[in-house]
């Protein structure tokens, strides 16, 4: 009787090691920031020149000075998301439904002898990470996966069935203290100080199986391989926004918002779990965990906007400019001779070379439809384009959003605003585990409901 012994010292597959996130992965944490406020979002975020409701704490705090009454508000967010993937002719649907509180707070006009002073405080979510992608299919494309056995690297890298799922949840939240003050008859200024915190829970699942029993000779008689990687990323920072609003006439006004640079503190918790099963049901696995903490410098943003009024119609336009090439990993406190210093320095060089200035274009409309002398409905629409911060993908992977909304009084002192943001795009993705292309057809609808109680 011959006894065959399979010796596996350790399993080191592609990506099984733990390291800090790359530049592109960290920038992803903030690149699709949309802000909050059902009215402002329904107008494509083109709100810098208006900014005359509680969401002005984010868009342009100078606009708070235009508020004549106080407001208590609460806002909800609901996501209807689908991602239809095609992999080697196999179509898979990935629906996702998510709902959460999007914010609450208040604004309060302070009695003044002259001019205006309005204070604001609130909790709000300005970015959501919720997404889902999965696919399955048979592939003859080599992904270079091997496992070390008996001193040799044995491939199990093609002619296999592959399954992959990527899911993420979480948000970026801000607690904000704000004020807007009249500086002159038609000029106001404002300031917002926010505590920023966020968390993304990222899960990556990959499976590879020998469905046709091609790998049937010892010692490479593998049956299946499963990988699970999780990454929990937490961010913290302080953020300051300053703004100016100028009212030129009853029909024209301008706004400027300055989003000052941030020092973003990032913490990562990594976990990797890999399992290999052979035809005789032998099972081998490895588990790795890791923790990293570092700081990232985020460059400033500049918002410019204008608002035009013609009778019952308001037309708004705006741009947001941000030079992502000024994003940098903070190297202070790291030993020059350390691996972390080399890694972050290399990433900084990569950012400066491959990232650039983005100009986000925004348009908005609001029309007051008068039903009677005492009742009317505001009908709104907007457009927003967020370019990719990477120079090579700036327009190709730009996210375009079309928005619609209505605003109407429920009573003399309660206002309801409802908004839907719709985005549809396609992209082709691949990774080291599935090097062949996966076509993703994504449709994301975000619903915002805001109820505000107005008081004097």
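Evaluate the Debye formula for the range 343-450 with equal point scatterers sitting on the alpha carbons, no solvent, and hand back log10 of I(q)/I(0) at q = 0.10, 0.21, 0.23, 0.24 Å⁻¹, in q order, two decimals. For the range 343-450 at q = 0.10, 0.21, 0.23, 0.24 Å⁻¹, log10 I(q)/I(0) is -0.51, -1.15, -1.23, -1.26. Calculated on C-alpha atoms, the gyration radius of the range 313-383 divided by its Kirkwood radius gives an Rg/Rh of 1.44.
Computed over the Cα atoms of the range 237-362, pair by distinct pair, the Kirkwood hydrodynamic radius stands at 19.1 angstrom. Helix 339-354 versus the longest principal axis of the chain: what is the Cα-based angle in degrees, 0 to 90, to the nearest 10? Long axis of 339-354 versus the principal axis of the chain: about 60 degrees. The calculated P(r) of the range 160-213, using every Cα pair and 5 Å bins from 0, goes 5, 13, 11, 9, 9, 9, 8, 7, 6, 6, 5, 4, 3, 3, 1, 1, 0 in percent. Computed over the alpha carbons of the range 98-229, Rg followed by Dmax gives 28.0, 90 Å. Going from the fewest other Cβ atoms within 10 Å to the most, the residues 77, 28 appear in the order 28, 77. Here the range 390-436 and the range 232-299 have alpha carbon centers that stand 19 Å from each other.
Compactness ratio for the range 23-455: Cα radius of gyration over 2.2 N^0.38 Å (N = residue count) comes to 1.15. Put the Cα centre of the range 88-112 next to the Cα centre of the range 180-230 and the gap is 18 Å. Over the range 207-259, one equal point on each Cα, no solvent: what is log10 I(q)/I(0) by the Debye formula at q = 0.26, 0.32 Å⁻¹? Scattering profile of the range 207-259, log10 relative to I(0): -1.01, -1.16. Expressed to the nearest 5 percent, the antiparallel share of DSSP beta bridges inside the range 23-455 is 100 percent. Residue order for 322, 92, 370, fewest other beta carbons within 10 angstrom first, comes to 370, 92, 322. Its residue count N sets the reference 2.2 N^0.38 Å, and the alpha-carbon radius of gyration of the range 63-143 equals 2.00 times that reference. Sorted ascending by nearby beta carbons within 10 Å, beginning with the fewest, 397, 268 become 397, 268.
The value given for the range 252-322 is a Kirkwood hydrodynamic radius of 17.7 Å, derived from the mean inverse Cα-Cα separation.
When you restrict to C-alpha pairs under 8 Å that are six or more residues apart and normalise by the size of the range 409-453, the relative contact order lands at 49 percent.
Read the figures in this text as sums done on the coordinates, not as results from a lab. Not measured: the values here are computed from a predicted model. Virtual Cβ from ideal backbone geometry, glycine too; neighbours counted across all protein chains shown.
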